[in-house]
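Right, one structure below, let's go through it.
We did not get these values from a lab; they are worked out from the coordinates using the rules stated. The shown structure was predicted, so the numbers you read here are calculated from the model rather than taken from an experiment. Note: ideal-geometry Cβ built from the backbone for every residue, glycine included; neighbour counts use all protein chains shown.
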Amino acid sequence: MDLGLDVTERNGFAVLAVRGEVDVYTAPRLRERLVEMVSQGHHQVVVDLEGVDFLDSTGLGVLVGGLKRLRSHEGDLTLVCTQRRILKVFEITGLTKVFQIFDDVDAATGGASSD
């Protein structure tokens, strides 16, 4: 399965739409893209996981690493995810307390309320 990584801008946020499977084989590409985004000056990043079919612990580690990197630059990394099976991974690991998770990109970028 190939990994799709598309970056767009919305309301001052860099939105990284991820498609496919994020696992031990593809996670390094996601890590490289996040590092690249931070080095380009993007410090408010939304990772849209709506197109993700599978997320393993390696992928979670990359997202946590991205969050730490962005916070060290006074930034933040938030997630968009409504898929039950992907959300469950965040719930089981306790990462729902670490990440802000929104229902859509508009809510994550301040375009609309997720409440």
| task | Go through the range 95-102 residue by residue and turn each phi into a ³J(HN,Hα) via Karplus (6.51, -1.76, 1.60, θ = phi - 60°); whole Hz please, and just put x for glycine and proline. | result | 6, 5, 7, 9, 9, 7, 10, 10
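Quick check: residue separation of VAL35 and ARG84 times 0.36 nm, minus the Cα distance between them. What number comes out in nm? Numbers along the way, then the final one.
Working: separation 49, 0.36 × 49 = 17.64 nm, distance 2.78 nm.
Taking 0.36 nm per residue and subtracting the Cα distance, the gain is 14.9 nm.
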| message | Can you give the local net charge around THR26? Use residues other than it whose beta-carbon is closer than 15 angstrom to its beta-carbon, Lys and Arg +1, Asp and Glu -1. | response | -3
| query | If you project the alpha carbons of the range 65-115 onto the principal axes, what extent comes out on each, in Å, largest first? | reply | 31, 29, 13
| query | So for GLU32, GLU50, fewest C-beta neighbours within 10 Å to most, what's the order? | reply | GLU32, GLU50
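Using the crude model of +1 on Lys and Arg Cβ and -1 on Asp and Glu Cβ, and no other charge, please compute the dipole size for the chain relative to its Cα centre, in debye to 20.
Details: 12 positive and 18 negative charges, 81 e Å.
So the dipole magnitude of the chain works out to roughly 380 debye.
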| said: Using +1 at the C-beta of Lys and Arg and -1 at the C-beta of Asp and Glu, which of ALA17, VAL47, THR93 has the Cα lying farthest in the positive direction of the dipole of the range 4-106? | reply: THR93
| Amide H neighbours of VAL46 under 5 Å, counting only residues 5+ apart in sequence or on other chains, H built in-plane at 1.01 Å? | ALA14, VAL15, LEU16, THR78
| request: In whole Å, largest first, what are the principal axis extents of the Cα atoms in the range 4-106? | output: 32, 28, 23
| Estimated inter-spin distance, ASP104 and GLU91, nm [label 7 Å along Cα→Cβ] | 2.3 nm
| request: Go through the range 9-21 residue by residue and turn each phi into a ³J(HN,Hα) via Karplus (6.51, -1.76, 1.60, θ = phi - 60°); whole Hz please, and just put x for glycine and proline. | output: 10, 8, 6, x, 9, 8, 9, 9, 8, 10, 10, x, 10
| task | Calculate the spin-label point distance for TYR25 paired with SER57, positioning each point 7 Å from the Cα along the beta-carbon direction, and give it in nanometres. | result | 2.0 nm
